[in-house]
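Remarks on the structure that follows.
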Amino acid sequence: MKFITSQIAALLGGSVEGDANAEIWKLCKIEEGVQGGLSFLANSKYTNYIYDTEATAVIVSNDFVPEHPVKATMIRVADPYLAFANLLKKYNEMQLDKKGVDAQAFISPTATIGKNCYIGPFAFIGENVTIGDGVKIYPQTYIGDNTTIGDGTTLFAGVRVYQNIVIGERCILHSGAVVGADGFGFAPTADGKYQKIDQIGTVIIEDDVEIGANTTIDRATLGSTIIHKGVKLDNLCQVAHNVVIGESTVMAAQSAVAGSGKVGSHCIIAGQVGIVGHIEVGNNVTIAAQSGVTRSFPDNVTILGSPATDAVKQRKTYIYERNLDQLYKRVDELEKKLAKME
Amino acid sequence: MKFITSQIAALLGGSVEGDANAEIWKLCKIEEGVQGGLSFLANSKYTNYIYDTEATAVIVSNDFVPEHPVKATMIRVADPYLAFANLLKKYNEMQLDKKGVDAQAFISPTATIGKNCYIGPFAFIGENVTIGDGVKIYPQTYIGDNTTIGDGTTLFAGVRVYQNIVIGERCILHSGAVVGADGFGFAPTADGKYQKIDQIGTVIIEDDVEIGANTTIDRATLGSTIIHKGVKLDNLCQVAHNVVIGESTVMAAQSAVAGSGKVGSHCIIAGQVGIVGHIEVGNNVTIAAQSGVTRSFPDNVTILGSPATDAVKQRKTYIYERNLDQLYKRVDELEKKLAKME
Amino acid sequence: MKFITSQIAALLGGSVEGDANAEIWKLCKIEEGVQGGLSFLANSKYTNYIYDTEATAVIVSNDFVPEHPVKATMIRVADPYLAFANLLKKYNEMQLDKKGVDAQAFISPTATIGKNCYIGPFAFIGENVTIGDGVKIYPQTYIGDNTTIGDGTTLFAGVRVYQNIVIGERCILHSGAVVGADGFGFAPTADGKYQKIDQIGTVIIEDDVEIGANTTIDRATLGSTIIHKGVKLDNLCQVAHNVVIGESTVMAAQSAVAGSGKVGSHCIIAGQVGIVGHIEVGNNVTIAAQSGVTRSFPDNVTILGSPATDAVKQRKTYIYERNLDQLYKRVDELEKKLAKME
């Protein structure tokens, strides 16, 4: 995408000082200006760079008065920093506004594709898949048979969704996320081996869910693994078979919920937390980073530690532990005194 | 895939009541019935739904007596829940029974492909690769040069196997698994940088191994990283260079074995466990979730904690730690009493 | 690739005894020799295998004297083990010496591709992407719009780089690595939901960086997530938005740095470490495995534990904790004695 400086000025409600037709095709820092680049000057520490920058244009404040000649075209606005951030946002939106079904995508003849979708090269859409309106399926993404993707959902490059999965509307799945791989279920046999238990359930992801890069959500053994509305999962999280995560719960990177675990709504789960299987975490629960949740917890608690317990108590325990050297000394001392007294 | 109700009844050994030619192309819940959908009624709490369901057919018990007219075709069986589960299993098997080499796969002319294989669109099969009989390679999977895949193994969409790897028979690799990336080996240089150590070994995965989604197994520096027969690795696990994992050991999600670590056979490793490099864990060892294994352990032990130790002892330590506030008070008390006595 | 025994002998500075034109196309163990295979005999425990091996050729020591006839062609060298390792290294280099742009890659007409690049089948190169000289882009890799890849960098199969990212020279990104997915940023709304915060920043990866399989590096909210020169990240690591990692720092598998965390240069971070957001870790800091870093630390310290503290102190604390049963007994004893005395 190329723009000219006057277009950008119009977009920002600013005015051009210099070449109103100069072509811009990228954003850059003022100190690393390049031809075709647009930068901004918001911090007076960087003022000196404007005189030498190779950037084609620089967004400056309405009241900026140069002390030397400025080679770059200046776009004057009220708040250069805010203007630049807005520009980034619009730029981002434009870049992500992909449309059209690429000829190099594989789309099963039995699949149904909604209106205004993007399906990129090397994407694979299986049999009987239903894709809603305005869905964006980036290159190299895989959608297994009979899966449904709701309106306005985006699947970035290389997302894998297995067969028979249901994904809601306005969801965002980042690259490398895997939805619907087999749950980890094996029955030990008499000879010490393991027999695979068929994983014939599915995954239901409701509306407005965001799933981070390389996060994995397993299909249920029977029934459904359910991610309720508005849940946000960060990168590299693991959600095992038959887990249920309640509405608007957020989970930071590398956290995991083991098989059949239930997490309530509006919970805040920090990074690297592990929640064991078959327990229930209530609503509005906050779990500190690296906690190991080994039992059920009621609503509205904040927990910490491995094994996790009430966070206030656990923080005190940490202090007691840290000072154990002193406690040992005090006991030594007591023993000595008592020995003398005896 | 489409079926008619009489086919499904025959499959389940049941009888049709209604339209024996009604077309079924998906499974659904009775309360969320849709046209073409097949549901089941096993729990009397859901009986009311059968009169209004939009499902095309419903599996019901032989002794179900409707109190109102039922629009849907009924398939009568002895046990509707079991029948539905069997159907799911057969449906799953059918869905995964892919065959044929897609024209949009890239297959090196020097590769050898066995009989009855599935190779999906956008799969890449490198030079001199050997693929056994009945192997399923889903779309977008990568098989590097000289790699061998044994009979009956399935690689789901987007698995990456680097060059010179050996994978046995009847293995299952889930989406995003990476086998054979370089081990993490660097030699510090005099100027504080790191020089890469060439990772010229390989990975051997024996028969009947299952590898979870986005799990990574690095190639050896020299020699082989070895995953023995029947090992089951869950999602997001990390197996470093030159690790050996013994027969029928299972490892839950997000666990890791560092470089040159050895894990015995028939071990049970829970989630988020870390095993440091160059140590040896015996056979039949059970390791609790989030443990950090920092030294070797013999056969038949159960360990817990970070650093990990005997689980019974560690559980007691957790209790002692949790009650430290009481112990501090008792020592305070003792000091006061003793001070009085002095 | 095929070689004849005389070529290999020339490469190793050795001599051929047997068929100088025998064709070799793979490496194998002497005890698992196959036609076309080259093996080596370095350990006398394996000597017996040489008489029966099906390998086409075996590298042996100059002073090896067979006691029976040897069917395989022998290549004599001074040190067979070293020769074999050198061969592996050269073989590896040759295998990775891919060239040419595959017709089945998708390359946007506005992208710029350097000299001597490899772009494999099903790779996707977006608009205005700049690819330097000698870059290797393996099959099924995704490069988003406006991203720049420096000279000599290798992206293995299935790497995903989002739009507007800058990757330096001589970097190596392993399969499944994701660079530039959205940072995990959401603003809570009055009704208990979350509003996505646009992630409009980027990621800058400097020269000589290696990134492990399935590692994720998020784009900045605004500005840049920066991985400085010579950093080495292992598999399954998480680097959140706006993180900065200093020169030549190494981070082992499954470690994470949360949003806006800063890590200094020349740090050694072991596996499964978590570093919370908005803190600063100094230069030359060593962090033990599974540590949870909850506060800033200065240069040159070694830390351990969750929460992490000075490693020497923490190791003592672990011993104190492990012996708490004894301490409790001592306090019991003291109380009894004192009760008697009172």
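Looking at segment B:244-252, can you tell me whether even one residue there is within 29 Å of C:K90 (Cβ to Cβ) and modelled with pLDDT of 95 or more? Break it down stepwise before answering.
Step one: of segment B:244-252, the residues within 29 Å of C:K90 (Cβ to Cβ) are B:244.
With the extra rule that they be modelled with pLDDT of 95 or more, the set shrinks to B:244.
Within segment B:244-252, one or more residues are within 29 Å of C:K90 (Cβ to Cβ) and modelled with pLDDT of 95 or more.
Go through segment B:4-29 and report how many residues are over 16 Å from B:P80 (Cβ atoms), assigned to a strand (DSSP E or B) and at pLDDT below 90.
1
Considering each residue of segment C:100-118, count those that are in contact with a Lys or Arg (Cβ under 8 Å, 6 or more places away or on another chain) and not in a loop (DSSP other than H, G, I, E, B), and give that number. Steps first, please.
Here is the first cut: in segment C:100-118, the ones in contact with a Lys or Arg (Cβ under 8 Å, 6 or more places away or on another chain) are C:116-118.
From what is left, the residues that are not in a loop (DSSP other than H, G, I, E, B) are C:118.
The number of residues fulfilling the criteria is 1.
Quick test for you: out of B:G292, B:G305, pick the one residue that is closer than 15 Å to B:G261 by Cβ and not charged (D, E, K, R).
On the way: B:G305 fails: closer than 15 Å to B:G261 by Cβ.
Exactly one residue qualifies, and that residue is B:G292.
Taking the options B:Q326, B:Q314, name whichever one is crowded, with 17+ Cβ neighbours inside 10 Å and either within 12 Å of chain C (Cβ to nearest Cβ) or over 29 Å from A:G271 (Cβ atoms) (or both).
Numbers: B:Q326 fails: crowded, with 17+ Cβ neighbours inside 10 Å.
Exactly one residue qualifies, and that residue is B:Q314.
May I ask you to say which residue of B:I268, B:I245, B:I279 is surrounded by fewer than 24 Cβ atoms within 10 Å (Cβ to Cβ) and either touching a strand residue (DSSP E or B) at 6+ places or on another chain (Cβ under 6 Å) or closer than 25 Å to B:I172 by Cβ (or both)? Spell out the reasoning first.
Numbers: B:I245 fails: surrounded by fewer than 24 Cβ atoms within 10 Å (Cβ to Cβ); B:I279 fails: either touching a strand residue (DSSP E or B) at 6+ places or on another chain (Cβ under 6 Å) or closer than 25 Å to B:I172 by Cβ (or both).
Residue meeting the stated conditions: B:I268.
Out of curiosity, is A:Q290 buried (at least 19 other Cβ atoms within 10 Å of the Cβ), within 12 Å of chain B (Cβ to nearest Cβ) and assigned to a loop (DSSP other than H, G, I, E, B)? Before you say what the answer is, go through the steps one by one.
Details: buried (at least 19 other Cβ atoms within 10 Å of the Cβ): yes; within 12 Å of chain B (Cβ to nearest Cβ): yes; assigned to a loop (DSSP other than H, G, I, E, B): yes.
Yes, satisfied.
Of the conditions (1) at pLDDT below 95; (2) more than 9 Å from every other protein chain (Cβ to nearest Cβ), B:L96 fails just one. Which one is it?
Here B:L96 clears every test but (2).
Test each condition in (1) among the small types (G, A, S); (2) modelled with pLDDT of 90 or more; (3) over 29 Å from the mean Cα position of the chain (by Cα) for A:S44 and report the one that comes out false.
(2)
Can you tell me which residue is nearest to the chain's Cα centre (by Cα) among those in segment B:127-173 that are more than 19 Å from A:G176 (Cβ to Cβ) and among the charged types (D, E, K, R)?
Checking each candidate, the answer is B:R170.
Take the residues in segment C:212-231 that are within 10 Å of chain B (Cβ to nearest Cβ) and among the hydrophobic types (A, V, I, L, M, F, W, C), then tell me which one is nearest to C:S248 (Cα to Cα).
C:V231
Hey, among the residues in segment B:310-339 that are within 15 Å of A:P307 (Cβ to Cβ) and hydroxyl-bearing (S, T, Y), which one's farthest from the chain's Cα centre (by Cα)?
B:Y320
Which of the strands (runs of 3 or more DSSP E) found entirely inside segment B:158-240 contain at least 3 residues meeting this: out of contact with any Phe, Trp or Tyr (no Cβ under 6 Å at 6 or more places or on another chain) and not small (G, A, S)? Full working, then the answer.
Values: elements: B:178-181, B:186-188, B:194-196, B:202-205, B:216-218, B:224-227.
So the answer is B:202-205, B:216-218, B:224-227.
Determine, yes or no, whether B:N86 is surrounded by fewer than 18 Cβ atoms within 10 Å (Cβ to Cβ), over 21 Å from A:T147 (Cβ atoms) and at pLDDT 90 or above. Walk me through how you get there before you give the answer.
Working: surrounded by fewer than 18 Cβ atoms within 10 Å (Cβ to Cβ): yes; over 21 Å from A:T147 (Cβ atoms): yes; at pLDDT 90 or above: no.
No.
As an exercise: evaluate C:Q254 against (1) open to solvent by 20 Å² or more (accessible area, probe 1.4 Å); (2) part of a loop (DSSP other than H, G, I, E, B) and give the number of the one condition it does not meet.
(1)
Okay, residues lined up against (1) touching a Lys or Arg at 6+ places or on another chain (Cβ under 7 Å); (2) within 14 Å of another protein chain (Cβ to nearest Cβ); (3) in a loop (DSSP other than H, G, I, E, B):
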| residue | (1), (2), (3) |
| --- | --- |
| B:E31 | no, yes, no |
| B:Q35 | no, yes, yes |
| B:I59 | no, no, no |
| B:A85 | no, yes, no |
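Would you mention how many residues in segment C:175-205 are of a type in the set (D, E) and crowded, with 19+ Cβ neighbours inside 10 Å?
Applying the first criterion (of a type in the set (D, E)) to segment C:175-205 yields C:182, C:191, C:198.
In the following step, the residues that additionally are crowded, with 19+ Cβ neighbours inside 10 Å were identified as C:182.
Counting residues in segment C:175-205 that are of a type in the set (D, E) and crowded, with 19+ Cβ neighbours inside 10 Å gives 1.
Which of the numbered conditions does A:Q104 fail, given that it passes all the others? Conditions: (1) open to solvent by less than 20 Å² (accessible area, probe 1.4 Å); (2) within 14 Å of chain C (Cβ to nearest Cβ); (3) within 23 Å of B:F122 (Cβ to Cβ).
Every listed condition holds for A:Q104 apart from (1).
For segment C:128-144, give me each residue that is assigned to a loop (DSSP other than H, G, I, E, B), within 18 Å of A:A157 (Cα to Cα) and at pLDDT 95 or above.
Taking segment C:128-144 and keeping what is assigned to a loop (DSSP other than H, G, I, E, B), we get C:128-129, C:132-135, C:138-141, C:144.
Of the ones still in play, those that are also within 18 Å of A:A157 (Cα to Cα) are C:128-129, C:138-141, C:144.
Hits for segment C:128-144 are C:V129, C:Y138, C:P139, C:Q140, C:T141, C:G144.
Quick one: which residue in B:Y49, B:Y91 is open to solvent by 80 Å² or more (accessible area, probe 1.4 Å) and either assigned to a helix (DSSP H, G or I) or at pLDDT 95 or above (or both)? Even if it seems obvious, please write down each step before you answer.
On the way: B:Y91 fails: open to solvent by 80 Å² or more (accessible area, probe 1.4 Å).
Result: B:Y49 is the single residue among B:Y49, B:Y91 that is open to solvent by 80 Å² or more (accessible area, probe 1.4 Å) and either assigned to a helix (DSSP H, G or I) or at pLDDT 95 or above (or both).
The values are calculated or read from the model by the stated rules, or taken from the named source; none is laboratory data. Computed from a predicted model, the values in this text were never measured in an experiment. Reconstructed Cβ throughout: ideal geometry from the backbone, glycine too, with neighbour counts over all protein chains shown. The area values use the complete protein model at the heavy-atom level, side chains included, leaving out ligands, DNA and RNA. Shrake-Rupley method; radii C 1.70, N 1.55, O 1.52, S 1.80 Å.
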